[in-house]
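Asks: One structure is given below, represented as structure tokens, and several questions about it will come after.
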């Protein structure tokens with residue numbers, strides 16, 4: 001019978017060791033036995049937990065003022081790494097387990113190098129790493145016998161193949177991506193504490209995905225459509241996705257209408273046509289009943305909807321966002337990306353033809369620019385304005401169908417973005433990248449734009465379905481470069497291996513970690529005040545200014561040059577001509593009458609609508625007079641770019657017997673400017689020239705038709721010209737180049753090809769003016785002609801020769 | 001640009017259409033160009049457009065329209081429409097000449113003129129020229145010579161004035 005509860009030391013040590021070797025139940029007091037990890041761990045856990053007798057930040061969770069400045073969470077540093085580990089056995093290491101998790105590190109955010117794969121010098125294996133001896137035959141019972149079920153190699157290969165596809169995006173399915181960086185021009189402490197803008201010259205890695213909206217994953221690039229312009233900034237305070245478009249407005253004002261809009265524009269549900277096109281009944285039925293779409297329709301019918309390249313289009317954040325400085329003060333901002341190469345577009349006839357010969361036109365262009373070192377570059381600009389300013393505007397800044405004219409709030413350049421690396425693998429990067437408008441970082445915040453509100457929900461939601469669960473943030477392309485620590489756990493395809501047993505907060509068993517960051521480091525929403533007015537109760541309604549559907553549609557149209565206005569009218573004519581129901585056409589023209597009588601009349605004439613239908617009734621009889629009635633910045637011509645030929649493609653036609661030296665002179669001059677100048681032959685391969693060395697054509701009239709090139713050079717040499725003259729492709733090549741208003745240089749005898757193609761006699765007077773983009777030169781003057789040609793190509797297009805219907 | 005054939009009367013008039021279109025396009029380009037190009041004088045282009053269109057309208061009214069009206073009885077309405085459009089264009093031309101120097105006001109007038117001329121060109125190209133070309137009694141080659149002579153003397157008169 002013990003005389004005392006005070007036990008001798010050896011017995012205590014044994015008890016401590018024994019007590020520490022259970023995963024349930026325990027003594028009333030813990031002590032550590034010398035050199036015994038288990039009891040030391042238990043004792044240290046006890047000490048750490050005891051050091052947090054209560055939750056000290058609990059009282060600070062209440063009240064408005066505390067809500068604006070949440071404190072950092074409480075924590076107790078552990079005495080060693082022992083108490084926070086999952087298992088004592090983490091000290092046992094292997095080539096598979098590696099070592100214990102490094103303190104405070106999430107290793108899944110390492111560079112993409114952690115998941116890169118190169119098979120150089122390696123044998124082929126199964127997914128389990130088993131070398132495969134024969135990758136040609138399934139396992140059979142005899143060479144002519146039945147295949148065997150036990151063939152795990154065949155079954156693994158087929159099973160994986162059977163599951164290669166994931167659901168495509170509901171919208172923006174067709175896309176192309178690239179890596180790059182954003183570089184801030186200056187620190188912006190006055191307006192934001194967002195990580196990318198912390199210092200002049202600060203570099204933030206980005207991944208960008210450009211896309212069309214309507215077409216499916218394999219559809220053509222050159223459809224008339226909005227282009228997605230989504231930028232993922234991997235900032236050191238988390239990922240910021242600026243999920244924008246190449247147009248600053250949208251069709252609708254409220255996310256409630258988003259499924260309706262997309263259902264209307266997508267291929268019609270009964271026969272799944274048309275692909276990658278808005279020129280069909282359901283789209284125009286919907287938008288002509290939604291007059292708030294008029295402004296966006298102007299943009300979509302303009303040449304902005306058929307860009308020459310992703311590198312030659314603007315990008316916009318669309319919605320009004322907020323920027324917040326370190327003092328918590330916020331301003332409204334609109335985001336603008338402006339391409340260094342200028343804003344240049346295709347023409348519709350060209351876009352249609354390209355979609356047949358090269359459906360990957362924009363994807364190829366982006367890839368080739370980057371491979372060639374001609375990195376697409378954009379300047380980021382901000383329109384910054386206060387809530388007080390916004391209240392004075394004639395339009396509502398929460399309305400996604402409105403712009404803030406640059407003449408009202410100038411665009412402030414704040415940095416540049418350069419796309420300088422192609423993905424290694426389309427699926428792993430461009431397909432699996434998940435952009436979400438919800439992804440913002442400290443220093444940024446949302447406005448109350450009701451379309452944005454829906455997007456904040458939808459993007460995350462749709463990725464869960466598309467990427468197979470809630471762990472899509474762990475897919476390498478989506479992982480931040482900032483440390484990721486929270487108590488989100490488990491789910492399909494989880495990759496992180498969390499050390500320790502705590503997956504909740506507050507906790508003391510993990511020393512309080514990870515603890516809430518508090519207002520100093522963490523994201524704090526702007527405490528935007530709700531107006532204390534009666535109509536601010538729960539309600540399903542729009543602000544009154546949202547009802548002005550036409551003022552900015554008119555502003556856009558009136559701000560275009562006459563050629564751009566023609567293109568808009570022609571696009572409406574084309575799209576509506578494809579509609580099968582005359583009443584839908586007429587309703588659309590009735591809607592256009594409220595924006596521009598000139599446009600409505602022109603569209604009606606092109607559709608044989610006579611007389612004009614009455615204008616649609618207006619939702620707002622007397623809208624506020626606009627601050628700006630003409631905005632030259634809305635014309636593509638306002639941004640001619642740096643005039644560089646980088647990324648442009650020039651065709652030099654060749655056939656046996658052309659004059660080689662003059663052609664090579666032009667080719668060298670054009671290539672020196674950064675353009676790709678291809679020899680396009682009656683066939684590919686080497687061809688003798690009239691004057692010496694053979695030329696080796698790397699493309700043919702058949703495989704690279706004329707509309708794929710930005711400009712054309714026709715060769716001298718009677719025999720070569722005769723050979724080209726008898727190839728019907730040549731005439732189509734020239735006609736398309738002429739019709740699409742591209743620069744054409746005819747050397748020596750090749751003027752006969754232009755005549756044969758039907759070059760109108762009536763061009764002579766224009767030619768004397770010198771701005772047609774049609775150049776004629778003797779072979780001997782090829783060097784001087786090349787300089788003139790280069791200047792012509794830099795002008796992009798020569799619309800003086802454009803007639804409707806076309807001359808050629 | 002090497003000549004391969006002679007122009008007929010419609011080609012000759014269409015050459016004017018194309019030439020002024022080129023001038024309109026160049027004007028708009030300069031009106032929108034940022035930086036150094038913006039400083040280039042587009043006012044001279046506007047005046048050139050006015051001169052070209054004045055001469056063009058004159059030879060159409062004095063030579064081409066009467067000839068077509070006589071040879072193609074069914075063309076009277078189209079010719080009347082074209083003449084009416086000339087009236088609108090002349091009013092704009094007068095305002096451009098009055099505006100004097102290039103600026104937002106002239107930019108707007110030139111853009112308005114471009115649209116008016118485009119409508120006019122479309123009527124001629126789509127309706128009048130096909131009628132003229134199909135008319136058996138109309139010698140478009142001879143008419144072209146008369147138009148060219150009229151153009152030359154009108155241009156001389158315009159530039160002297």
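The values are calculated or read from the model by the stated rules, or taken from the named source; none is laboratory data. Just so we're clear, the structure is a prediction, and the values are computed from it rather than from any experiment. Virtual Cβ from ideal backbone geometry, glycine too; neighbours counted across all protein chains shown.
Asks: With respect to the numbered conditions (1) closer than 30 Å to residue A:211 by Cβ; (2) in contact (Cβ under 8 Å) with a residue 12 or more places away in the chain; (3) outside any loop (DSSP other than H, G, I, E, B), which one is the sole condition not fulfilled by residue A:153?
Replies: It is condition (1) that residue A:153 fails.
Asks: Hey, another quick one. Which pairs have Cβ atoms under 7 Å, sit 6 or more apart or on different chains, and link a residue in region A:795-808 that is more than 9 Å from chain B (Cβ to nearest Cβ) to one that is surrounded by fewer than 18 Cβ atoms within 10 Å (Cβ to Cβ)?
Replies: Hits for this filter: A:808/A:758.
Asks: I've got another one for you. Out of region A:746-766, which residues are in contact with a strand residue (DSSP E or B) (Cβ under 6 Å, 6 or more places away or on another chain) and under 21 Å from residue B:25 (Cβ atoms)?
Replies: Listed by number, the list holds a single entry, A:754.
Asks: Check whether at least one residue in region A:730-739 is surrounded by fewer than 18 Cβ atoms within 10 Å (Cβ to Cβ) and away from chain B (no Cβ under 14 Å), and report yes or no.
Replies: Residues of region A:730-739 that are surrounded by fewer than 18 Cβ atoms within 10 Å (Cβ to Cβ), as a first pass: A:732.
Now drop any that are not away from chain B (no Cβ under 14 Å), which leaves A:732.
Yes; the residues of region A:730-739 include at least one that is surrounded by fewer than 18 Cβ atoms within 10 Å (Cβ to Cβ) and away from chain B (no Cβ under 14 Å).
Asks: In region A:747-792, how many residues are facing another protein chain (nearest Cβ under 7 Å) and farther than 27 Å from residue A:644 by Cα?
Replies: 7
Asks: Additional query: Just one of A:354, A:370 is within 21 Å of residue A:420 (Cα to Cα), part of a helix (DSSP H, G or I) and at pLDDT 95 or above; which is it?
Replies: A:370
Residues are listed down the side, and each one gets a yes or a no for (1) buried (at least 22 other Cβ atoms within 10 Å of the Cβ); (2) touching a helix residue (DSSP H, G or I) at 6+ places or on another chain (Cβ under 6 Å); (3) not in a loop (DSSP other than H, G, I, E, B):
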{"position": "A:242", "(1), (2), (3)": "yes, no, yes"}
{"position": "A:247", "(1), (2), (3)": "yes, yes, no"}
{"position": "A:253", "(1), (2), (3)": "yes, yes, no"}
{"position": "A:277", "(1), (2), (3)": "no, no, no"}
{"position": "A:284", "(1), (2), (3)": "yes, yes, yes"}
{"position": "A:319", "(1), (2), (3)": "yes, yes, no"}
{"position": "A:326", "(1), (2), (3)": "no, no, no"}
{"position": "A:333", "(1), (2), (3)": "yes, no, yes"}
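Asks: Can you find a residue that is assigned to a loop (DSSP other than H, G, I, E, B), surrounded by 12 or more Cβ atoms within 10 Å (Cβ to Cβ) and either modelled with pLDDT under 95 or under 18 Å from the mean Cα position of the chain (by Cα) (or both) anywhere in region A:198-214? Break it down stepwise before answering.
Replies: From region A:198-214, those assigned to a loop (DSSP other than H, G, I, E, B) are A:198-202, A:213-214; that's our starting set.
Keeping just the survivors that are surrounded by 12 or more Cβ atoms within 10 Å (Cβ to Cβ) gives A:198-200, A:202, A:213-214.
Applying the additional criterion that residues be either modelled with pLDDT under 95 or under 18 Å from the mean Cα position of the chain (by Cα) (or both) yields A:213-214.
Yes, because at least one residue in region A:198-214 is assigned to a loop (DSSP other than H, G, I, E, B), surrounded by 12 or more Cβ atoms within 10 Å (Cβ to Cβ) and either modelled with pLDDT under 95 or under 18 Å from the mean Cα position of the chain (by Cα) (or both).
Asks: Of these, A:583, A:590, A:619, A:638, which one is buried (at least 20 other Cβ atoms within 10 Å of the Cβ) and either modelled with pLDDT of 95 or more or within 14 Å of another protein chain (Cβ to nearest Cβ) (or both)?
Replies: A:590
Asks: Residue A:721 passes all but one of (1) out of contact with any helix residue (DSSP H, G or I) (no Cβ under 8 Å at 6 or more places or on another chain); (2) more than 28 Å from residue B:147 (Cα to Cα); which number fails?
Replies: (1)
Quick grid of which residues meet (1) away from chain A (no Cβ under 11 Å); (2) in contact with a helix residue (DSSP H, G or I) (Cβ under 9 Å, 6 or more places away or on another chain); (3) part of a helix (DSSP H, G or I):
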{"residue": "B:37", "(1), (2), (3)": "no, yes, yes"}
{"residue": "B:41", "(1), (2), (3)": "yes, yes, no"}
{"residue": "B:57", "(1), (2), (3)": "yes, yes, yes"}
{"residue": "B:64", "(1), (2), (3)": "yes, yes, yes"}
{"residue": "B:84", "(1), (2), (3)": "yes, no, yes"}
{"residue": "B:97", "(1), (2), (3)": "yes, yes, yes"}
{"residue": "B:106", "(1), (2), (3)": "yes, yes, yes"}
{"residue": "B:111", "(1), (2), (3)": "no, yes, yes"}
{"residue": "B:119", "(1), (2), (3)": "no, yes, yes"}
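Asks: Oh, and also: Among the residues of region A:373-398, what is the count of those that are part of a loop (DSSP other than H, G, I, E, B) and either over 29 Å from residue A:421 (Cα atoms) or touching a strand residue (DSSP E or B) at 6+ places or on another chain (Cβ under 9 Å) (or both)?
Replies: 10
Asks: Does any residue of region A:694-715 turn out to be within 14 Å of chain B (Cβ to nearest Cβ) and at pLDDT 95 or above?
Replies: Yes, that holds for at least one residue.
Asks: Then there is this: Filter region A:92-119 down to the residues that are free of Cβ contacts under 8 Å to residues at least 40 places away in the same chain and either outside any loop (DSSP other than H, G, I, E, B) or at positive phi (or both) and list them by number.
Replies: A:94, A:98, A:107, A:113
Asks: For residue A:501, are the conditions met, namely being part of a loop (DSSP other than H, G, I, E, B) and surrounded by fewer than 12 Cβ atoms within 10 Å (Cβ to Cβ)?
Replies: No, not satisfied.
Asks: Would you check if there is a residue in region A:646-661 being more than 10 Å from chain B (Cβ to nearest Cβ), part of a loop (DSSP other than H, G, I, E, B) and surrounded by fewer than 18 Cβ atoms within 10 Å (Cβ to Cβ)? Spell out the reasoning first.
Replies: Step one: of region A:646-661, the residues more than 10 Å from chain B (Cβ to nearest Cβ) are A:646-661.
Right, trim to part of a loop (DSSP other than H, G, I, E, B) and you get A:646-648, A:655-657, A:659.
If we keep only those that are surrounded by fewer than 18 Cβ atoms within 10 Å (Cβ to Cβ) too, we end up with none.
For region A:646-661, residues more than 10 Å from chain B (Cβ to nearest Cβ), part of a loop (DSSP other than H, G, I, E, B) and surrounded by fewer than 18 Cβ atoms within 10 Å (Cβ to Cβ): absent.
Asks: When you check residue B:132 against the structure, is it within 30 Å of residue A:570 (Cβ to Cβ), touching a helix residue (DSSP H, G or I) at 6+ places or on another chain (Cβ under 8 Å) and surrounded by fewer than 17 Cβ atoms within 10 Å (Cβ to Cβ), yes or no? Show your work before the answer.
Replies: Values: within 30 Å of residue A:570 (Cβ to Cβ): yes; touching a helix residue (DSSP H, G or I) at 6+ places or on another chain (Cβ under 8 Å): yes; surrounded by fewer than 17 Cβ atoms within 10 Å (Cβ to Cβ): no.
So residue B:132 does not fit the description; no.
Asks: Oh, and also: Mind checking which strands (runs of 3 or more DSSP E) fall wholly inside region A:679-751 and carry at least 1 residues that are farther than 27 Å from residue A:347 by Cβ and more than 38 Å from the chain's Cα centre (by Cα)?
Replies: In region A:679-751, the matching strands (runs of 3 or more DSSP E) lie at A:685-689, A:692-697.
Asks: So, in region A:597-645, exactly how many residues are assigned to a helix (DSSP H, G or I) and within 31 Å of the chain's Cα centre (by Cα)?
Replies: Matching residues across region A:597-645 total 6.
Asks: Next question. Quickly run through region A:544-569 and pick out the residues that are more than 13 Å from residue A:296 (Cα to Cα), in contact with a helix residue (DSSP H, G or I) (Cβ under 8 Å, 6 or more places away or on another chain) and within 12 Å of another protein chain (Cβ to nearest Cβ).
Replies: Answer for region A:544-569, where residues must be more than 13 Å from residue A:296 (Cα to Cα), in contact with a helix residue (DSSP H, G or I) (Cβ under 8 Å, 6 or more places away or on another chain) and within 12 Å of another protein chain (Cβ to nearest Cβ): A:559, A:560, A:561, A:562, A:563, A:564, A:565, A:566, A:569.
Asks: Looking at A:516, A:495, which one is more than 28 Å from the chain's Cα centre (by Cα), touching a residue at least 24 places away in the same chain (Cβ under 8 Å) and assigned to a loop (DSSP other than H, G, I, E, B)?
Replies: Among A:516, A:495, only A:516 is more than 28 Å from the chain's Cα centre (by Cα), touching a residue at least 24 places away in the same chain (Cβ under 8 Å) and assigned to a loop (DSSP other than H, G, I, E, B).
Asks: Out of (1) in contact with a helix residue (DSSP H, G or I) (Cβ under 9 Å, 6 or more places away or on another chain); (2) within 14 Å of chain B (Cβ to nearest Cβ), the odd one out for residue A:595 is which?
Replies: (2)
Asks: Residue A:21 - would you say it is surrounded by 15 or more Cβ atoms within 10 Å (Cβ to Cβ) and either more than 16 Å from residue A:86 (Cβ to Cβ) or free of Cβ contacts under 8 Å to residues at least 12 places away in the same chain (or both)?
Replies: It is false that residue A:21 is surrounded by 15 or more Cβ atoms within 10 Å (Cβ to Cβ) and either more than 16 Å from residue A:86 (Cβ to Cβ) or free of Cβ contacts under 8 Å to residues at least 12 places away in the same chain (or both).
Asks: For residues that are more than 7 Å from chain A (Cβ to nearest Cβ), assigned to a helix (DSSP H, G or I) and over 16 Å from residue B:60 (Cα atoms), tally how many sit in region B:1-22.
Replies: The total comes to 0.
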